[in-house]
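The values are calculated or read from the model by the stated rules, or taken from the named source; none is laboratory data. This is a predicted model, so every value here is computed, not measured. Virtual Cβ from ideal backbone geometry, glycine too; neighbours counted across all protein chains shown. Ligands, DNA and RNA are excluded from the accessible area calculation, which covers all protein heavy atoms including side chains. Shrake-Rupley method; radii C 1.70, N 1.55, O 1.52, S 1.80 Å.
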Amino acid sequence: MIAALLAERCTGCNACVEQCPTRVFEPGGPGGVPVIAAPDACQTCYLCELACPVDALWVNPDAHDATAPPLADLLASGQVGRVKRDHGWDAPLDAGQLDAYRLLGPLLGEGVEIADRHYHRLIAAR
Amino acid sequence: MSTAPLTLRADVLVIGGGMAAAWAALAAAEAGAAVIVVDKGAMGTSGVTATGGPGHWFVPPEGRAAALERQVARTQGLAEAAWMERVMDLTWRHLPTIAPWYPFGSDGQGGRYIQGVRGPEYMRALRRMCVGAGIAVLDHHPALELLADGDGAVVGARGLALGSGEDWEIRAGATILATGGCAFRSGLIGSHTQTGDGLLMAAEAGALLSGMEFSISWSLSPAWASTRTLPFTAARFFREDGSELAIPSLKAGHAHYQALGAALLQGTVLADLSAAPAGLPAVLRQIQPLTVAAFERRGIDLFRQRFPVRLFGEGTIRGTGGIALADADCGTGVPGLYAAGDAATRELVAGAISGGGAVNSAWALASGRIAGAAAAHYGAAKGGRAGPARALGKAGLRPRGSARPVATAPLQQTIEHAIHGLDRALWRRASTLAASLHELDEAWRAVADHGLAADPRGRVELRATAAMAATARWCTAAAAERRETRGIAVRTDLPATDPAQARRLLVGGLDKVWTRPAAPALRGLEAVL
């Protein structure tokens with residue numbers, strides 16, 4: 001659940017207001033910091049972190065937990081802005097950020113085969 | 001409803017903001033139509049595609065005959081080869097057109113890998129394409145009800161703007177419902193806004209539903225939040241005391257989920273990913289950054305530490321049912337009203353099975369393009385006229401009895417349990433389906449008889465609750481009526497497949513729900529009210 005809006009970084013651009021798929025944020029007034037107005041509608045999708053141009057948002061990975069660590073700990077964790085960097089969100093389209101993506105299907109399938117072999121071994125042993 | 005202060009006109013109105021909505025809007029605009037998109041969320045982040053990673057059924061022409069043969073064999077007699085050919089053709093031609101806006105990666109052989117795309121980047125690209133095509137995209141503008149003229153043709157919709165709280169009315173020559181499936185607020189990532197709104201609006205206009213018994217699917221995730229499932233397919237499962245559970249693999253389909261469900265009903269189930277594919281840990285972050293975040297931010301090494309899991313219901317999203325299509329244009333049988341993507345029944349290409357991600361995404365793209373082109377043709381002739389129109393919304397907007405506050409949260413819990421409760425969903429049988437239907441009828445009456453909300457968010461939420469109740473009743477009634485096991489419609493009390501029931505089931509009705517077998521051909525379907 002959305003848990004931290006770093007006011008000292010926020011520029012009041014309202015990109016989170018505009019892009020949140022469940023309208024969790026509302027504008028905070030001219031040039032102001034947006035307000036987390038509807039936290040119960042948050043679906044823990046992290047897309048506001050991708051939308052924020054200055055890495056001022058942090059989503060708690062627990063869908064029902066709106067608490068955040070103290071600011072210093074949060075910044076030290078390296079997690080603020082991390083998913084945007086991992087996505088290569090602001091990189092040029094030819095930067096190769098999806099060069100591993102073709103492996104998704106084969107890895108899914110390989111995992112199923114591993115689980116299937118394991119299950120049959122487990123059953124045979126019982 | 002008060003007089004709508006914001007009034008607009010278009011040739012084509014698209015309701016929804018996910019991939020089917022975007023492809024529908026693009027096809028309509030390319031055909032010359034003036035297009036408005038209204039989305040409950042925001043096009044680009046709305047819906048399950050935006051948080052997902054949709055593979056597409058992306059088959060070169062020389063591979064189509066074999067792909068068709070395989071898919072026809074899997075769909076248990078309910079799909080149609082002609083639709084499969086159209087879907088493969090449209091997907092093959094149009095998916096590569098996102099290239100100027102999407103960072104296609106390498107296929108490892110010097111080319112681009114096209115068939116699988118990552119959700120956030122894909123939906124960002126589709127939004128940019130829509131805006132570039134001159135389509136008016138109104139985010140956070142949920143539609144609440146359709147409008148019809150004196151002949152019953154749909155001529156637009158009404159809704160409200162979440163930002164201002166103001167009502168809007170849009171008159172359109174044709175309207176496309178691309179509102180997605182319904183996950184019944186299960187917590188499935190990306191599905192919060194997918195509450196069956198389009199299905200309810202379609203039914204109020206006289207459209208029918210089909211395939212609603214094929215309505216349950218699942219994804220496994222950590223207990224604290226729904227994620228993508230890539231890391232979990234090789235999981236081993238343990239009880240808290242360290243004893244291992246024997247869970248058949250995903251190859252076992254329903255039996256896999258039944259075994260997990262039985263264990264979850266008894267207590268905590270821990271997943272152990274230590275046997276995951278050797279190549280996975282190094283690339284997981286590159287493929288699914290958000291899945292990594294769900295663990296890293298809790299200080300959990302997902303490949304070394306066991307963690308509790310849950311099953312998240314996917315309702316009609318990965319399930320197949322939706323608005324019945326009456327013709328080859330994705331028309332609903334109601335003049336001026338079209339349906340696309342998860343909002344429409346996917347039986348035409350997926351039959352009795354889910355279809356899997358690849359067929360489902362191809363369906364969303366292709367049905368969007370088909371509906372968009374047809375709606376442009378129809379809508380340009382009709383135009384967005386300003387003549388008299390009736391507002392069609394009932395439950396949640398215009399109570400049949402005395403209006404009073406209705407608490408939506410407990411009703412939503414009742415609805416979600418009736419559909420996704422592990423004890424109900426994984427062991428469907430006549431007695432539990434009857435119990436679910438009884439509970440759902442009560443939830444429906446609570447909203448339809450008394451529900452009225454004043455504030456904008458309350459109105460949207462009440463209407464969503466009505467839509468979830470309606471959708472759940474159609475799912476449950478159809479599951480009760482299909483007296484056999486076919487595909488993902490599994491009946492514990494009727495485990496055999498009955499060749500005599502190899503036909504689609506239509507379901508409809510609001511105050512009273514009914515079912516009947518579909519005629520073999522989809523044309524000439526009469527509206528039954």
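For the reader, a short list of remarks on this structure follows.
- A 1.4 Å probe run over the protein chains yields, for the stretch B:218-313, 37 Å² of accessible area per residue, whole-number rounding.
- Contact order for the stretch B:416-477, expressed relative to its length and based on alpha carbon pairs under 8 Å spaced 6+ residues apart, stands at 38 percent.
- A simple charge model with +1 on the Cβ of Lys and Arg, -1 on the Cβ of Asp and Glu and nothing else charged puts the dipole of the stretch B:218-313 at about 220 debye relative to its Cα centre.
- Between A and B, buried accessible area from a 1.4 angstrom probe totals roughly 5300 Å², ignoring ligands, DNA and RNA.
- On the basis of the beta-carbon distance and an R0 of 22 Å, residue A:7 and residue A:64 show a calculated FRET efficiency of 0.35.
- Spin-label pair residue A:91/residue B:400, simplified geometry with 7 Å Cα→Cβ offset, distance in nm: 5.8 nm
- Amide hydrogen neighbours beyond the local backbone of residue B:8, cut-off 5 Å, H modeled: B:169, B:170, B:171
- Here the protein assembly as shown is assigned +1 on the Cβ of each Lys and Arg and -1 on the Cβ of each Asp and Glu. Its dipole about the Cα centre then comes out at about 740 debye.
- Accessible surface of the protein assembly as shown, 1.4 Å probe, proportion on carbon and sulfur as whole %: 54 percent
- Heavy-atom surface of the stretch B:408-495, accessible at 1.4 Å and reported per residue (Å²): 34 Å²
- Relative contact order %, the stretch A:2-90, counting alpha carbon pairs below 8 Å whose residues are six or more apart: 31 percent
- Listed peptides B:481-493, B:403-415 by packing density, highest first (mean Cβ within 10 Å): B:481-493, B:403-415
- Straight-distance crosslink candidates among lysines, where the alpha carbon sits under 28 Å from residue A:84 and sequence neighbours closer than 8 are dropped: B:40
- Cut-off under 5 Å, modelled amide H: who pairs with residue B:37 long-range: B:14, B:136, B:137, B:138
- Fully extending the segment from residue B:497 to residue B:85 would add 145.6 nm, taking 0.36 nm per residue of separation and subtracting the current Cα-Cα distance.
- Sorted peptide list for B:215-224, B:199-208, B:81-90, criterion being average Cβ within 10 angstrom, highest first: B:199-208, B:215-224, B:81-90
- Those residues of the stretch A:31-68 for which accessible area with every protein chain present is at least 50 Å² below the isolated value (1.4 Å probe): A:43, A:46, A:47, A:61
- Charge-dipole axis of the protein assembly as shown as Lys and Arg at +1 and Asp and Glu at -1 on Cβ define it, positive-most pick from B:218, B:269, B:513: B:513
- Cross-link partners of residue B:512 among lysines (Cα-Cα below 22 Å; sequence separation of 8 or more within a chain): B:394
- Taking packing as the residue-averaged number of other Cβ atoms within 10 angstrom, the listed peptides B:296-305, B:169-178 run from highest to lowest as B:169-178, B:296-305.
- Note on residue B:381/residue B:164: beta-carbon distance plugged into 1/(1 + (r/R0)^6) with R0 of 51 Å gives a FRET efficiency of 0.95.
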